[in-house]
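S.K.: My structure is below; once you've seen it, I'll send some questions.
The values are calculated or read from the model by the stated rules, or taken from the named source; none is laboratory data. What you are looking at is a predicted structure, and each value in this text was computed from that prediction instead of being measured. Using ideal geometry, Cβ is built from the backbone for each residue, glycine included, and neighbour counts are taken over all protein chains shown. The area values use the complete protein model at the heavy-atom level, side chains included, leaving out ligands, DNA and RNA. Shrake-Rupley method; radii C 1.70, N 1.55, O 1.52, S 1.80 Å.
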Amino acid sequence: MKRITVLLAEDHTIVRQGMRLLIEADGDIEIVGEAKTGREAVQMTGDLHPQVIVMDIAMPLLNGLQATRQILKAFPATKVLILSAHSDPEYVEQVVKAGATGYLVKQSSSEVVAKAIRELQKGNTFFTPSIAKHLKDGYQKSPDGVGLRKKGDTELTPREAELLQLIAEGQVNKQIASELGISIKTVEKHRQHLMEKLNIHDIAGLTRFAIATGIIESSVQSTIARDASSK
């Protein structure tokens, strides 16, 4: 029997290891790799070519949303299943726009996660019931299928969102330049453009925006916001 190949992208080691044991228990699914950051997930997808990626949204260096966009742009046949602690409509909307075809909350049982992986591999979609209802209601209200984004929201490019995450995580220009493979001068230029676009002119403000829009995990907002305010 040919097994479904899966890449796990989750930054918490104990969660990732537990998921591997549970998901592989049935024997028809093989975990071919484990990524601890969104950037690793992108790189490992290119190396391993998994059929399905189980992706957490809250990932360091490059969050799951941006990683999903990059992966599906480069490898459109790959299926992405989001497994997140968040079920907020804003997260769901952004994930669907990014191209993921499945979304489960982390309270889901291992049987449900395995079923979702199988459905995505077949070319189907799979969403937690409450999320599926939101999507159905949202598409009814928005015939073009774009979603329910509030009027006036600022749309960031993938590179801008990537830069914003690194800034909000406390990385300085030299670290960001190394991470993105660009010059420090280019980072400074992008940072200035980002601040002008958002009309936000300090790191603490950028961090609050990143938290509010789900670019970084809300559960770490107190620590990050405190650190940013002290800079």
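S.K.: Out of Val42, Val52, which single residue is hydrophobic (A, V, I, L, M, F, W, C) and more than 23 Å from Gly170 (Cα to Cα)? Break it down stepwise before answering.
M.R.: Values: Val42 fails: more than 23 Å from Gly170 (Cα to Cα).
On inspection, the qualifying residue turns out to be Val52.
S.K.: Next up: Working only within segment 23-49, note down all residues that are of a type in the set (Gly, Ala, Ser) and within 17 Å of Gln165 (Cβ to Cβ). Give the steps one after another, and end with the answer.
M.R.: So in segment 23-49, the residues of a type in the set (Gly, Ala, Ser) come out as 25, 27, 33, 35, 38, 41, 46.
Selection gives Ala35, Gly38, Ala41.
S.K.: With respect to Ser229, is the statement that it is modelled with pLDDT of 70 or more, of a type in the set (Gly, Ala, Ser) and either open to solvent by 70 Å² or more (accessible area, probe 1.4 Å) or more than 20 Å from Leu61 (Cβ to Cβ) (or both) true? So that I can check it myself, show each step before the final result.
M.R.: Working: modelled with pLDDT of 70 or more: no; of a type in the set (Gly, Ala, Ser): yes; either open to solvent by 70 Å² or more (accessible area, probe 1.4 Å) or more than 20 Å from Leu61 (Cβ to Cβ) (or both): yes.
In short, no.
S.K.: Inside segment 165-182, can you point out the residues that are outside any helix (DSSP H, G or I), open to solvent by 60 Å² or more (accessible area, probe 1.4 Å) and not β-branched (Val, Ile, Thr)?
M.R.: Kept after step one, since they are outside any helix (DSSP H, G or I), are these residues of segment 165-182: 169-172, 181-182.
Those left that are additionally open to solvent by 60 Å² or more (accessible area, probe 1.4 Å): 169, 172, 181.
If the condition is that a residue be outside any helix (DSSP H, G or I), open to solvent by 60 Å² or more (accessible area, probe 1.4 Å) and not β-branched (Val, Ile, Thr), then Glu169, Gly181 are the ones that fit.
S.K.: Tally time: how many residues in segment 91-122 are more than 23 Å from Gly18 (Cβ to Cβ), buried (at least 16 other Cβ atoms within 10 Å of the Cβ) and of a type outside the set (A, V, I, L, M)?
M.R.: 3
S.K.: Looking at the structure I just gave you, is Glu188 at pLDDT 80 or above, in contact with a helix residue (DSSP H, G or I) (Cβ under 8 Å, 6 or more places away or on another chain) and open to solvent by 80 Å² or more (accessible area, probe 1.4 Å)? Give the steps one after another, and end with the answer.
M.R.: On the way: at pLDDT 80 or above: yes; in contact with a helix residue (DSSP H, G or I) (Cβ under 8 Å, 6 or more places away or on another chain): yes; open to solvent by 80 Å² or more (accessible area, probe 1.4 Å): yes.
Against the criterion (at pLDDT 80 or above, in contact with a helix residue (DSSP H, G or I) (Cβ under 8 Å, 6 or more places away or on another chain) and open to solvent by 80 Å² or more (accessible area, probe 1.4 Å)), Glu188 qualifies.
S.K.: Contact list please: Cβ distance under 8 Å, first residue in segment 26-41 and closer than 17 Å to Ile57 by Cβ, second residue among the acidic types (Asp, Glu) and open to solvent by 10 Å² or more (accessible area, probe 1.4 Å), pairs at least six apart or on different chains.
M.R.: Matching pairs, first to second residue: Lys36/Asp11; Thr37/Asp11; Arg39/Glu179.
S.K.: The conditions are (1) more than 19 Å from the chain's Cα centre (by Cα); (2) modelled with pLDDT under 60; (3) assigned to a helix (DSSP H, G or I), and Val220 fails exactly one of them. Which is it?
M.R.: With respect to (1) more than 19 Å from the chain's Cα centre (by Cα); (2) modelled with pLDDT under 60; (3) assigned to a helix (DSSP H, G or I), Val220 is out only on (1).
S.K.: If you go through segment 110-118 one residue at a time, do you hit one that is of a type outside the set (S, T, N, Q), at pLDDT below 80 and on the phi < 0 side of the Ramachandran plot? Give the steps one after another, and end with the answer.
M.R.: At the first step, the residues of segment 110-118 found to be of a type outside the set (S, T, N, Q) are 111-118.
When the remaining residues are screened for being at pLDDT below 80, the result is none.
No.
S.K.: Now a separate question. For segment 13-90, which strands (runs of 3 or more DSSP E) that fit wholly inside it have 3 or more residues that are open to solvent by 20 Å² or more (accessible area, probe 1.4 Å)?
M.R.: Values: elements: 29-35, 52-55, 79-84.
The qualifying strands (runs of 3 or more DSSP E) are 29-35.
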